[in-house]
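Colleague: One structure coming up, written as structure tokens, with questions to follow.
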Amino acid sequence: MFDSLPPGFTDLPPGPTLAAALASIDVDRLSGHDRIVALRAEARMEAHYAARKTRAMVAIREALAAEFAADPVPGDDVDEAAVAEIQAALCLTGATAASWYTDALALRD
């Protein structure tokens, strides 16, 4: 663990390089200013992963829509199926999965 920020740290975009840099830092050993810089980098990574999670939820809907279009079954509901998949995958309540899914579609649109 490093006790200072690596050179160029503040310019790293969210992604694997920034994630590795953050994993190598002992925030308790940083200066006060560097702790703030590290916190901001953590927030960038959090937003990056939240966006990727949102995109994955929309991709689940798109895959199900294609499956349902290829082999239509009366009563199939793409959105209901997508929420059920998200609920199971993330061990969420139905209400939470539906809320996250609705938010993901709103962001897509």
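Colleague: Does segment 61-78 include one or more residues that are on the phi > 0 side of the Ramachandran plot and of a type in the set (A, V, I, L, M, F, W, C)?
Modeller: Residues of segment 61-78 that are on the phi > 0 side of the Ramachandran plot, as a first pass: 75.
So of that shortlist, the ones also of a type in the set (A, V, I, L, M, F, W, C) come out as none.
Within segment 61-78 (the criterion being on the phi > 0 side of the Ramachandran plot and of a type in the set (A, V, I, L, M, F, W, C)), the answer is no, since none of the residues qualifies.
Colleague: Of everything in segment 91-101 that's without any contact (Cβ under 8 Å) to a residue 40 or more places away in the chain and touching a helix residue (DSSP H, G or I) at 6+ places or on another chain (Cβ under 9 Å), which residue is least open to solvent (accessible area, probe 1.4 Å)?
Modeller: At the first step, the residues of segment 91-101 found to be without any contact (Cβ under 8 Å) to a residue 40 or more places away in the chain are 91-99.
Filter once more, so that each one left must be touching a helix residue (DSSP H, G or I) at 6+ places or on another chain (Cβ under 9 Å): 92-94, 96-98.
Numbers: LEU92: 36, THR93: 82, GLY94: 31, THR96: 49, ALA97: 0, ALA98: 36 Å².
The selected residue is ALA97.
Colleague: Assuming ALA23 fulfils every condition listed in (1) closer than 28 Å to ARG108 by Cβ; (2) open to solvent by 60 Å² or more (accessible area, probe 1.4 Å); (3) out of contact with any helix residue (DSSP H, G or I) (no Cβ under 9 Å at 6 or more places or on another chain); (4) of a type in the set (A, V, I, L, M) apart from one, which condition is it?
Modeller: Condition not satisfied by ALA23: (1).
Colleague: Determine if segment 63-84 includes at least one residue that is closer than 30 Å to ASP109 by Cα and under 15 Å from the mean Cα position of the chain (by Cα). Break it down stepwise before answering.
Modeller: Of segment 63-84, the ones closer than 30 Å to ASP109 by Cα are 63-84.
Keeping just the survivors that are under 15 Å from the mean Cα position of the chain (by Cα) gives none.
No, there is no match, as no residue in segment 63-84 is closer than 30 Å to ASP109 by Cα and under 15 Å from the mean Cα position of the chain (by Cα).
The values are calculated or read from the model by the stated rules, or taken from the named source; none is laboratory data. For clarity, every value in this text was computed on a predicted model and none was experimentally measured. Don't worry about glycine lacking a Cβ; one is built from the backbone with ideal geometry, like all the others, and counts go over all protein chains shown. The accessibility values were calculated without ligands, DNA or RNA, using every heavy atom of the protein model including side chains. Shrake-Rupley method; radii C 1.70, N 1.55, O 1.52, S 1.80 Å.
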